[in-house]
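As structure tokens, the structure follows; a few thoughts come after it.
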Amino acid sequence: MIKIEKSTPTINPFGGINFVIDQINRSGINELIDNQLGRRPAQAEYSYSNLFKNLWSVFFCSGDCAEDLNEHLEPFLSRSPHEKIADADTVLRVLKSLKTEKETVISATGNPYEINKNDRLNQLNISILLLINLLNKHQYYDFDYDNEVLKTEKFDAQDTYKHCKGYFPGMATINGMPVYFENRDGNMHVKTNQEEVLERCYNMLETNGIKINRSRMDAGSYSKKIVDVVARHSRLFYIRANRCEALTNRLIEHKSWKKEEINHIEYEVCSIDYQPFSSEKAQEAANYRLVVMRCKKGDEQLDLFTRDNMKYRSILTNDYESSEKEIIEYYNQRGTEERTIDVLNNDFGWKNMPFSFMEENTVFLTVMMMCKNIYTWLIAIFSDKFTDLKKTFRLKKFIFRFITVPAKWIKRGGQMILKVFSPKPYEVLQI
């Protein structure tokens, strides 16, 4: 039988959250949020920054939805003498107030779709990244863009190409950090309106002094309008090309291939000068470099068009300096974007959207995008002080190794002191 001795109820099992909030408070993020979003009415008990931190604290303490604030975490978070904790309904009500109206766009085939963009929150996200030096003005960065299905059964969710209901947002990242987000109907074609999304994104980054060196996108961005926008705003770009009859004929005619080993697989690669989209407006179509790789299929089935058993993939680029292998290996690194979506879904609540409508969920998704970026900054700071932390850790491991430490606030000599029950060097993070 285990003998039990009860301890004081004022001990917080998530003591590490005090250091997270302290770093945020000292960084200027609070003031930035309240200045950009505006002061709330005089009778309002909580500021925007206060409520954002309440929501972020839920996920830093292993919660997965706003309601965990009431059900599990409020008794512990409220013990901090420096923070006011609202209930989940207040947090969500204020998030709703930040929504913007949906807009209707018409596709090339005449079908209407709804999109939602929130310029204030996208700008706030970039401002936070600049404030905490994850981005720097007048510096060049590599840029990734992708559309990813967010599975959900919300009221206005549509059937997606993945045979589930959801939204189909577009998101841009730099170094794995989300920098821009727009929500879209789940049944919207990936290329519809994408050139306008990218134009808005590039313009916002440029307005903030952020320059783009290389842009990298999948075949969902392979259209003349989109390529023109990307080429105009990037030094270099790399976009997966779709196969068409003209390209197939060029590949059949091409005889000069060289062998390269990429990711332990032997490929044949080549480069050809290529004028994409020439059937649309030949006089306006630019010439680019097409880097092509091919390898044998797993069977002997011949391709109907190329009349061989090779699998072809190609990348459209304006990079004439790098080798085929360098371009292919650089393009293959774009899996970072998909990993970022996975992290947002599983670590930062994207798979548990709290609202019924797209425009409200856009607010939640963007605010949690900020939380993900702030975590990138925090783990870099704390991993320099704690040997059992690494910058690459996912949130769950960070919670286990840093957040879950018993702690209590005590008053001594007229001061509030955080007493931490751990041999780890939390004292180097003096609050």
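Quick one: is Leu198 closer than 16 Å to Arg334 by Cβ, aliphatic (A, V, I, L, M), at pLDDT 95 or above and open to solvent by 10 Å² or more (accessible area, probe 1.4 Å)? Before the answer, list the steps.
On the way: closer than 16 Å to Arg334 by Cβ: yes; aliphatic (A, V, I, L, M): yes; at pLDDT 95 or above: yes; open to solvent by 10 Å² or more (accessible area, probe 1.4 Å): no.
So Leu198 fails the test.
If you go through the range 77-95 and keep only what is open to solvent by 50 Å² or more (accessible area, probe 1.4 Å) and touching a residue at least 24 places away in the same chain (Cβ under 8 Å), you end up with Arg79, Pro81, His82, Lys84.
Contact map, the range 379-408: residues that are part of a helix (DSSP H, G or I) paired with residues that are of a type in the set (Asp, Glu), Cβ distance under 8 Å, separation 6+ or inter-chain. Pairs shown: Leu395/Asp347; Lys396/Asp347; Arg401/Asp388.
Selection of first residues in the range 345-361 that are small (Gly, Ala, Ser) and of second residues that are not in a loop (DSSP other than H, G, I, E, B), restricted to Cβ pairs under 7 Å at least 6 apart or on distinct chains, gives the following pairs, ordered by first then second residue: Gly349/Phe59; Gly349/Met368.
Yes or no: Met171 within 17 Å of Gln123 (Cα to Cα), of a type outside the set (Val, Ile, Thr) and open to solvent by less than 10 Å² (accessible area, probe 1.4 Å)? Show your work before the answer.
Numbers: within 17 Å of Gln123 (Cα to Cα): yes; of a type outside the set (Val, Ile, Thr): yes; open to solvent by less than 10 Å² (accessible area, probe 1.4 Å): yes.
Here the answer is yes, as Met171 does meet what is asked.
Picking from residues in the range 247-265 that are within 15 Å of Asn332 (Cα to Cα) and open to solvent by 90 Å² or more (accessible area, probe 1.4 Å), the one that is modelled with the highest pLDDT is Glu261. The residues of the range 10-68 that are under 17 Å from Phe402 (Cβ atoms), more than 21 Å from the chain's Cα centre (by Cα) and among the polar types (S, T, N, Q), listed by number, are Asn12, Asn18, Gln23. Answer with yes or no whether Lys255 is assigned to a loop (DSSP other than H, G, I, E, B) and charged (D, E, K, R). The answer is yes for Lys255. Among the residues of the range 123-148, the one identified as among the hydrophobic types (A, V, I, L, M, F, W, C) and closer than 18 Å to Met217 by Cβ is Phe143.
Each residue in the range 152-168 was checked for being open to solvent by 20 Å² or more (accessible area, probe 1.4 Å) and either of a type in the set (S, T, N, Q) or part of a strand (DSSP E or B) (or both), and 3 of them qualify. Could you list all residues from the range 351-367 that are surrounded by 22 or more Cβ atoms within 10 Å (Cβ to Cβ) and either under 12 Å from the mean Cα position of the chain (by Cα) or among the aromatic types (Phe, Trp, Tyr) (or both)? Listed by number, the residues that qualify are Phe364, Leu365, Thr366, Val367.
Looking only at the range 58-72, how many residues end up being assigned to a helix (DSSP H, G or I) and open to solvent by 10 Å² or more (accessible area, probe 1.4 Å)? Explain how you work it out, then say what you get.
Of the range 58-72, the ones assigned to a helix (DSSP H, G or I) are 58-60, 68-72.
Then keep just the ones that are open to solvent by 10 Å² or more (accessible area, probe 1.4 Å); that gives 68, 70-72.
So the answer is 4.
Being of a type outside the set (Val, Ile, Thr), out of contact with any Pro (no Cβ under 9 Å at 6 or more places or on another chain), touching a residue at least 40 places away in the same chain (Cβ under 8 Å) and open to solvent by less than 20 Å² (accessible area, probe 1.4 Å) is a property that Leu98 has.
Of all positions in the range 32-51, at least one carries a residue that is without any contact (Cβ under 8 Å) to a residue 60 or more places away in the chain, open to solvent by less than 40 Å² (accessible area, probe 1.4 Å), in contact with a helix residue (DSSP H, G or I) (Cβ under 9 Å, 6 or more places away or on another chain) and on the phi > 0 side of the Ramachandran plot. Give the residues of the range 1-30 that are under 15 Å from Ile132 (Cβ atoms) and open to solvent by 40 Å² or more (accessible area, probe 1.4 Å), sorted by residue number. Scanning the range 1-30 gives Asn25, Arg26.
Only one of Lys408, Lys424, Lys419, Lys391 is within 31 Å of the chain's Cα centre (by Cα) and either modelled with pLDDT of 95 or more or at negative phi (or both); which? Walk me through it before giving the result.
Working: Lys408 fails: within 31 Å of the chain's Cα centre (by Cα); Lys424 fails: within 31 Å of the chain's Cα centre (by Cα); Lys419 fails: within 31 Å of the chain's Cα centre (by Cα).
On inspection, the qualifying residue turns out to be Lys391.
Just the residues that are in a strand (DSSP E or B) and surrounded by 22 or more Cβ atoms within 10 Å (Cβ to Cβ), please, taken from the range 221-246.
First, the residues of the range 221-246 that are in a strand (DSSP E or B): 236-240.
Selection gives Phe237, Tyr238, Ile239.
Restricting to the range 104-151, and then to whatever is free of Cβ contacts under 8 Å to residues at least 24 places away in the same chain and of a type in the set (Ser, Thr, Tyr), can you tell me which residue is surrounded by the most Cβ atoms within 10 Å (Cβ to Cβ)? Going through the qualifying residues, I end up with Thr104.
The values are calculated or read from the model by the stated rules, or taken from the named source; none is laboratory data. Given the structure is predicted, the values throughout are model-derived calculations rather than measurements. For neighbour counting, all protein chains shown are included, and Cβ atoms are generated from backbone atoms with ideal geometry for every residue, glycine included. With ligands, DNA and RNA removed, areas are computed over all heavy atoms of the protein, side chains included. Shrake-Rupley method; radii C 1.70, N 1.55, O 1.52, S 1.80 Å.
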